[in-house]
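Any read-out appearing in this document is the output of simple, stated calculations on the displayed coordinates, not a laboratory observation. Remember, predicted model here, so these are calculated numbers, not experimental data. No Cβ is skipped: glycine too gets one built from the backbone with ideal geometry, and neighbour counts run over all protein chains shown.
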Amino acid sequence: MIKLNNINKTYFNGSPLHVLKGVNLEIEKGELVSIMGASGSGKSTLLNILGILDTYDDGEYFLNDVLIKNLSEKRAAEYRNKMIGFIFQSFNLINFKDAMENVAMPLYYQGVPRKKRNILAVEYLDKLGLKEWAHHLPSEMSGGQKQRVAIARALIANPQIILADEPTGALDSKTTQEVMDILKEVNQTGMTMIVVTHESDIAHQTDKIIHISDGLIGSIETLK
Ligand code: ADP
Ligand code: MG
């Protein structure tokens with residue numbers, strides 16, 4: 001489903017920083033993989049490239065056999081919308097919109113009418129145990145609740161891949177496990193899931209740990 005050949009990425013603001021130095025990686029449909037590595041090792045950079053949120057300089061990225069390179073902003077947004085759901089450490093919810101409106105957002109970008117997208121959003125909130133919270137603002141919710149809203153938002157457009165960048169990084173250990181259990185459950189439905197984490201016990205709940213260091217894939221631990 002995902003194939004990276006010799007991906008290179010350098011940031012050029014200030015002195016050039018060569019972050020990814022030839023990354024090769026394959027991820028199959030339905031896999032639950034984690035990416036581990038020291039802070040600054042390029043995990044988010046890699047995830048942003050996978051999510052078509054950022055470009056790369058050299059190499060090739062194939063997503064379902066489509067070469068993701070030199071896409072127009074419009075094409076990139078189309079692929080992103082159709083294929084990929086994102087979950088972030090800091091939730092990235094819109095503060096002045098309630099839980100339902102936040103969850104419905106990806107459908108807004110797909111042109112789904114308001115009434116239909118709101119009904120679906122409440123359904124997804126219900127699946128995540130948050131139906132009663134549909135009309136609450138993010139500021140009225142706990143970290144774990146906010147992350148469940150973000151998971152519902154990631155799922156609502158029925159993407160093929162979920163990319164999660166330290167999804168439990170801002171949560172206590174009990175909530176961390178609750179969120180991890182939800183992600184595992186979603187993966188059980190066949191959805192490919194890539195989780196960046198620096199917590200070893202999170203990584204050890206995935207099928208495969210991909211270690212990144214010095215801009216390269218160091219080793220891959222297969223756990224299942
Ligand atoms: P990680 O997620 O593993 O902590 P990142 O991918 O965020 O690492 O960052 C890798 C390196 O690239 C870091 O040194 C970071 O400071 C730098 N970096 C990340 N994003 C940018 C950017 N937009 N511009 C310049 N440097 C960046
Ligand atoms: Mg990061």
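Most fluctuating residue of Leu125, Leu25, Leu50 in a GNM of the chain with Cα springs under 10 Å: which is it?
It is Leu25.
Among Phe96, Phe91, which comes first, then next, by fewest other beta-carbon atoms within 10 Å?
Fewest-to-most Cβ neighbours within 10 Å comes out as Phe96, Phe91.
Could you check which residue among Asn24, Asn92, Asn13 shows the biggest mean-square fluctuation in a GNM of the chain with a 10 Å Cα cutoff?
Sorting by GNM fluctuation, first place goes to Asn13.
Of Lys82/Lys208; Lys29/Lys116; Lys184/Lys224; Lys82/Lys115; Lys9/Lys208; Lys43/Lys97, which sit over 18 Å apart, Cα to Cα?
Long pairs (Cα-Cα over 18 Å): Lys82/Lys208; Lys29/Lys116; Lys82/Lys115; Lys9/Lys208; Lys43/Lys97.
Could you give the size of the charge dipole of region 1-68 about its Cα centre, using +1 on the Cβ of each K and R and -1 on the Cβ of each D and E, expressed in debye and rounded to the nearest 20?
About 220 debye.
With labels modelled as points extended 7 Å from the Cα through the Cβ direction, what inter-label distance (nm, one decimal) is found for Lys74 paired with Gln177?
My value for the distance between the label points is 5.0 nm.
In which sequence would Lys116, Lys146 go, from the one with the fewest C-beta neighbours within 10 Å to the one with the most?
In order of increasing Cβ crowding within 10 Å: Lys116, Lys146.
Say we join alpha carbon atoms closer than 10 Å with springs in a Gaussian network model of the chain; which of Ile35, Ile161, Ile52 then has the biggest fluctuation?
Maximum among the listed residues: Ile52.
Counting helices only, and only those DSSP H runs with n ≥ 4, report the 222 nm mean residue ellipticity of the chain as the sum of -39,500 (n - 2.57) divided by its residues, in deg cm²/dmol to the nearest 500.
Value at 222 nm, helices only: -10500 deg cm²/dmol.
Output the 0 to 90 degree angle, nearest 10, between the alpha-carbon long axis of helix 143-155 and the longest principal axis computed from the alpha carbons of the chain.
Between helix and principal axis, roughly 80 degrees.
Can you give the charge dipole size of region 154-224 about its Cα centre, rounded to the nearest 20 debye, using +1 on the beta carbon of Lys and Arg and -1 on the beta carbon of Asp and Glu?
240 debye
From Cα pairs below 8 angstrom and at least 6 apart in sequence, can you work out the relative contact order of the chain, rounded to a whole percent?
30 percent
Can you tell me what share of the DSSP beta bridges in the chain is antiparallel? A percent to the nearest 5 is fine.
55 percent
Just want the ordering: Asp57, Asp207, from fewest to most Cβ atoms lying within 10 Å of their own Cβ.
By the 10 Å Cβ count, ascending: Asp57, Asp207.
What is the Å³ per residue value for the convex hull set by the Cα atoms of region 135-224?
Cα convex hull per residue, to the nearest whole number: 118 Å³.
Just to check I understand the Karplus step: with θ = phi - 60° and J = 6.51 cos²θ - 1.76 cosθ + 1.60, what whole-Hz values come out for region 62-75, glycine and proline as x?
For region 62-75, the Karplus-derived couplings read 9, 10, 6, 6, 9, 6, 9, 7, 6, 6, 5, 4, 5, 4 Hz, x marking Gly and Pro.
Just the Cα atoms of region 1-121: what Rg and Dmax do they give in Å?
When restricted to the Cα atoms of region 1-121, Rg and Dmax are 16.6, 50 Å.
P(r) of the chain in 5 Å steps, Cα pairs, percent per bin?
Taking every Cα pair in the chain, the percentages come to 1, 7, 15, 18, 19, 16, 12, 8, 3, 0, 0.
Rounding to the nearest 20 debye, state how big the charge dipole of the chain is about its Cα centre with +1 on each Lys and Arg Cβ and -1 on each Asp and Glu Cβ.
760 debye
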